[in-house]
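*Asks:* For reference, the structure I am asking about is given below.
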Amino acid sequence: MEYSFVLTGNPNVGKTSLFNRLTRSFEHVGNWHGVTVDRVSKSAKFEGDDINIVDLPGFYSLTVHSFEEEISRDEILFGKYDALIYVCAADNLSRNLYLLLQLLELDVPVVVVVNMMDELYAVGKTIDAKKLGDALGVPVVLTSAKRGFDGGEIISAAVAESKKHRKRDLPYLRHLPIRSIYEKNKDGITKSKLKPLYASVKLLERDAFVESSVGSGHVAETRYVAETVRLRYEFIDSVTENIIIRDGKQSALNKASEALASFADKILLNKFLALPMFLLIMSGIFWITFGTIGSFFTDIIEKGINIAVESTESFLVKTNLPVWLIKLVCYGIIDGVGGVAAFLPQIVILFFFLAILEDSGYISRLAFMTDGLFEKIGLSGRAVFTMIMGFGCSATAVLTARGLDDEMMRNKTVVLTPFLPCSARLPVFTAVAGAFFGKMSVLAILGLYVLGAVVVVASAAIFESGKKLKSGEGSFVMEMPRYRIPTTERVLQILWSNAKTFLIKVGSIVLVLNVIIWILGNFSLTQGFIGAGSGDSILEQICTVISPIFAPLGFGNWRAVTALMSGLVAKEVVLSTVNSLGGVTAVFGDSLAAICFLVYTLLYVPCVATLGSIRKEAGTKWMIFGLCLQLGTAYVVTLAFRLTALAFSCGIGYGIAAVSFWAVAALLAALTKIIFEKRRCVRCDGCKHCG
C-alpha cells in the first residue's frame, strides 16, 4: 500500500527533527522560527508499505500572513494526503492546540504527536495521552524526536486513522451561527470547493482568502472574529485542564539547568550587556576558528598538500610527460584545489559553533533583542534568521526570507543579506589576511564581519528614509524557545552536511574552473604553453583590458581581476585562482592592496546562485537592483577605505585595529538605546523577557 502523510504544526516544535528521524534525512533544523521555508517530501518504507512524508513550514493559523504560511495552508486545503501528523511541543501544549482545532474543523484524519516529552519527564511530569485524545477525538502519541524515539508508533497511528478516522465533537462550534452563515453563502462555498464547515467558520473570522474564494455574499459581523478566538481558547482550557500529571520528582540537574537558564537570560537580554556579550561570543568563535585550533589543522593540511605537490612533480618528471601537463596536475589541480580544501577544518569549526548557537535558543534571543533596531530601519527581528543563515550560504539564506509578511521588507532583506560574509568567502579571508597580517589576521577577519553588518544596517536605514523603498507594517511573532543542549548526533549531522557540500563544490566547480583558469593563464594563442606571468597569456590579454577599473582600489592588476571574475561563479574559486596565478603575495604585493581586495570581496556579488535565488524570491527587477547595489557598494566602500588608510598613512595592521575598534564602539553607542524597546513574545503575557 502507498500512504502520504503531512507533518504540520507551529514553528519550533520539532517537525523537521521528526521528519529527519522518520525518513533518515538531514534537513536543516534549529531552535528558532522559520527553519523550514518550503515544502519538503521524502519516501520511506514501513512494514512493507510505501510512506511519503511531507514536511511543511510552521505556522500559527490557517489565516496566513506570509508566503511560507501560504505553502502550508494550500497543502493542507488542496493537497492529496491520507492524514495530517500534527506536532505539538510538550511544554507549550495550550498554544499549539489552537491551530489543531482549525485543522479538526476541516474534518480530515489527524494524528497528534506531542514532541519534546523528554523535557517534561525531566521535571517529573507526563501527559495523559488517552484523556487528551478522547477530548479532541484524535489519536495522541507521546515522543521525543531528539531522544527516545519510536517512529513506528506514529506511522501505525497515521495509517489506522487514514483508514477510518474517528468522529469528533467540537462543542464550541455550537455557539457560533455556522448554519446561518453557510446558508447565506452556500452557492459561493460550493463553487469554491472548500469544505463547508471550514469555509463557514473562516467567513465568521473574516478570512480574506476564504472571502475572495467564496465571492460576494453575506459578510459576517465583526464581533464574531474575537468571539471565535475566545470560544476556541475556552475549549482548549477545558481540554488541557489537569492533562499534565505528576509522574515523579524533578531532578536536581534539571533544577540547576533552569536556574542557569534564568541567569543566562539576565545577561544575554540585559539592556547594556546583550550587545557586548554577543560581540564577545562572536570574537571567541572567530579566535578559535581562525587563530588557534582552526589554523593549526589548516597548517597541517597545507603542509601535506606541499608534500603531495613535490612528490607528484618529482614522480611525473621521471615519466617524461610534457612540462605543461606536469605543471597542470601539480599546480593547477593539486596545489590550486588543495589550497581551498585546506580550509575545511575552519569551516567545520565555524559551523560547529553556529549549530550550538542555533539549537541552544540563542539565535531566537538575538532576533528578540534586535527587533527594536530592525523595526526602525524597515526590517524586523525575523530578518535576523535569514541573515544568520547568510553566514553559511547566501543563496540558501535568501530563500528563508519568504517568512517575512511585508513584501518590501522581504525584498530588502533578500538584497541586503549577501553583504554578510558566507562560508565560501572564509578561505579567501583566511589565506589573504594570514599572508599579510600574521597574528593580526583574526582581528582583520572580525573587522570584515563587522563591516558587513554595518553596511547592512546603513543600507536598510537609507532605503527606509525614502518613500519608494519604505516598508509597510510587518508583524514579528516570535516564540521564545527554551535553552536546549544540541545532541551529538545532530551536531555531527550538521557538520557532515556542510563539509560534504563544501567538498563536493571543491571537487566539481572549483576543480573545473581552476583547470580552465590555469590553462588560460599559462597558454598563449600564438606561442602555446608559456608558463604563468610571462605577459602574453590569453587570460592576461583579456583581463588587462578590465583591470584599470580597479586601479583606484589598489589592486588594478590582471591577476586580482581574474580572481574577482572567477568569484562570480563561486567564491571558493577566488583563492584557487590566486594560488594558480602565483600566490597571495605575488597577486597583491602589499598589505593595503590585500585588505582592499578583501573589503571588495566581502561586499560584491557572492555568486550567480545567489542572484538566481534573489530572482526566484523577489523577481528580475530586484535581482538587477541587488546586482547593481552590491557592485556599487563594494566599489564605493573599498575606495573610501583605501583613501582613508592613505590619508592616515598608518601601519595597515594598526589601522585595521583602530577602524574595527571605533566601528564597534560607535555601533554599540548608537544602537543600545533603540535596540531594547519592550517586545512581546507569544509565549507569555508580561514575562521576564518582555518586562
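*Asks:* Once you list every other residue whose beta carbon is under 13 Å from the beta carbon of Phe209, what net charge do they have if Lys and Arg are +1 and Asp and Glu are -1?
*Replies:* Working: positive: Arg73, Lys202, Arg206; negative: Glu69, Glu70, Asp74, Glu205, Asp207, Glu211.
Here the charged neighbours net out to -3.
*Asks:* Let me ask something else about it. Can you put Thr240, Thr8 in order of Cβ neighbours within 10 angstrom, beginning with the fewest?
*Replies:* Details: Thr240 16, Thr8 25.
Least to most surrounded, the residues fall as Thr240, Thr8.
*Asks:* Residue by residue, what Karplus-based ³J(HN,Hα) values in Hz, rounded to whole numbers, does segment 192-206 have, using 6.51, -1.76 and 1.60 with θ = phi - 60° and x for Gly and Pro?
*Replies:* My calculation for segment 192-206 gives 6, 6, 7, 5, x, 5, 4, 4, 5, 5, 5, 5, 5, 8, 6 Hz in order.
*Asks:* Listed highest first by mean packing, meaning other Cβ atoms within 10 Å per residue, what order do 547-555, 138-146 come in? Mind showing how you got there, number by number?
*Replies:* Values: 547-555: 17.3, 138-146: 22.3.
Ranked by mean Cβ neighbours within 10 Å, highest first: 138-146, 547-555.
*Asks:* To continue, here is another question. Would you mind checking which residues have amide H under 5 Å from Phe529's amide H? H placed 1.01 Å from N; only 5 or more apart, or other chain.
*Replies:* Hits under the 5 Å cutoff: Ser524.
*Asks:* Okay, moving on. Under a 5 Å amide H to amide H cut-off, with H placed in plane at 1.01 Å, what residues pair with Asp150 once short-range neighbours are removed?
*Replies:* Result for Asp150 returns Ser144.
*Asks:* Return the Cα extents of segment 2-163 along principal axes one, two and three, sorted largest first, each rounded to a whole Å.
*Replies:* Its Cα atoms span 40, 39, 32 Å along the three principal axes.
*Asks:* To check my understanding: the extent here is largest minus smallest coordinate of the Cα atoms along each principal axis. What are those three numbers for segment 179-246, in Å, largest first?
*Replies:* 52, 24, 20
*Asks:* Step through the table entries Lys42/Lys193; Lys500/Lys616; Lys164/Lys202; Lys505/Lys571; Lys467/Lys621; Lys376/Lys468, compare each Cα-Cα distance with 20 Å, and write down the pairs that go over it.
*Replies:* Numbers: Lys42/Lys193 28 Å; Lys500/Lys616 25 Å; Lys164/Lys202 26 Å; Lys505/Lys571 11 Å; Lys467/Lys621 18 Å; Lys376/Lys468 16 Å.
Violating the 20 Å Cα-Cα cut-off are Lys42/Lys193; Lys500/Lys616; Lys164/Lys202.
*Asks:* If you find the alpha carbon centre of segment 101-174 and of segment 313-354, how far apart are they in angstrom?
*Replies:* Using only Cα atoms, the two centres lie 54 Å from each other.
*Asks:* Take every Cα pair under 8 Å in segment 179-246 that's 6+ residues apart, average their separations, divide by the length, and report that relative contact order as a whole percent. The partial results should precede the final answer.
*Replies:* Working: 51 pairs, mean separation 19.9, N = 68.
Normalised by residue count, the contact order of segment 179-246 is 29 percent.
*Asks:* How large is the dipole of the chain about the Cα centre if only Lys and Arg carry +1 and Asp and Glu carry -1, each at its Cβ, rounded to the nearest 20 debye?
*Replies:* Working: 67 positive and 60 negative charges, 162 e Å.
Roughly 780 debye for the chain.
*Asks:* Can you show me the helix-derived [θ] at 222 nm for the chain, built from DSSP H runs with n ≥ 4 at -39,500 (n - 2.57) apiece and divided by the number of residues, rounded to the nearest 500. Don't skip to the answer; put the middle values down first.
*Replies:* Details: 33 runs with 407 residues, N = 691.
Taking each H run of at least 4 residues, the total per residue is -18500 deg cm²/dmol.
*Asks:* Right, another one. Excluding Cys88 itself, what net charge comes from residues whose Cβ is under 12 Å from its Cβ, given Lys and Arg +1 and Asp and Glu -1? Numbers along the way, then the final one.
*Replies:* Values: positive: Lys15, Arg95; negative: Asp91.
My count for the surroundings of Cys88 gives +1.
*Asks:* Enumerate the amide H contacts of Phe46 below 5 Å, restricted to partners 5 or more residues apart or on another chain; note that Pro and chain-start residues carry no placed amide H.
*Replies:* Sorted by chain and number, the residues that satisfy this are Ile51.
*Asks:* Just want the ordering: Met409, Met369, Met440, from fewest to most Cβ atoms lying within 10 Å of their own Cβ.
*Replies:* Values: Met409 26, Met369 22, Met440 19.
Taking fewest neighbouring Cβ atoms as first place, the list is Met440, Met369, Met409.
*Asks:* Roughly what % of DSSP beta bridges within the chain run antiparallel, to the nearest 5? Let's see the in-between values first.
*Replies:* Numbers: 12 of 32 bridges.
About 40 percent, rounded to the nearest 5.
*Asks:* Continuing with this model, one more query. Per-residue HN-Hα couplings for segment 227-235, Karplus 6.51 cos²θ - 1.76 cosθ + 1.60 at θ = phi - 60°, whole Hz, x for Gly and Pro?
*Replies:* Going residue by residue, I get 5, 5, 4, 4, 5, 4, 5, 5, 5 Hz, with x marking Gly and Pro.
*Asks:* Taking semi-axes √(5λ) of the Cα gyration tensor in Å straight from the coordinates, which label in (1) 43, 38, 22; (2) 51, 27, 26; (3) 46, 27, 21 is the correct one?
*Replies:* Matching the structure shown: (2).
*Asks:* Within a Cβ distance under 12 Å of Phe625, other residues only, what is the Lys/Arg minus Asp/Glu net charge? Intermediate values should be presented prior to the final figure.
*Replies:* Values: positive: Lys412, Lys468, Arg615, Lys621; negative: none.
Here the count lands on +4.
*Asks:* Using +1 at the Cβ of each Lys and Arg and -1 at the Cβ of each Asp and Glu in the chain, identify which of Ser423, Ala453, Asn306 lies farthest towards the dipole's positive end.
*Replies:* Ala453
*Asks:* Right, something else. Treating only the Cβ atoms of Lys and Arg (+1) and Asp and Glu (-1) as charged, compute the dipole magnitude of segment 281-425 about its Cα centre; round to the nearest 20 debye. Please list the in-between numbers first.
*Replies:* Details: 10 positive and 12 negative charges, 33 e Å.
Charge dipole of segment 281-425: 160 debye, to the nearest 20.
*Asks:* Taking the beta-carbon count within 10 Å as an exposure proxy, list Arg402, Arg168 from fewest neighbours to most.
*Replies:* Least to most surrounded, the residues fall as Arg168, Arg402.
*Asks:* A further question on this structure: Would you work out the relative contact order for the chain, in percent, from Cα pairs under 8 angstrom that are 6 or more residues apart?
*Replies:* Details: 1063 pairs, mean separation 87.8, N = 691.
Value for the chain: 13 percent.
*Asks:* Using the Karplus equation 6.51 cos²θ - 1.76 cosθ + 1.60 (θ = phi - 60°), what ³J(HN,Hα) coupling, rounded to whole Hz, does each residue of segment 46-51 give in order, writing x for Gly and Pro?
*Replies:* These are the phi-based 3J(HN,Hα) values: 8, 6, x, 9, 8, 10 Hz.
FYI, it's all coordinate maths here, none of it is from the lab. Being a predicted model, the structure only gives us computed values, none of them experimental. Cβ atoms come from the backbone with ideal geometry, glycine included; neighbour counts cover every protein chain shown.
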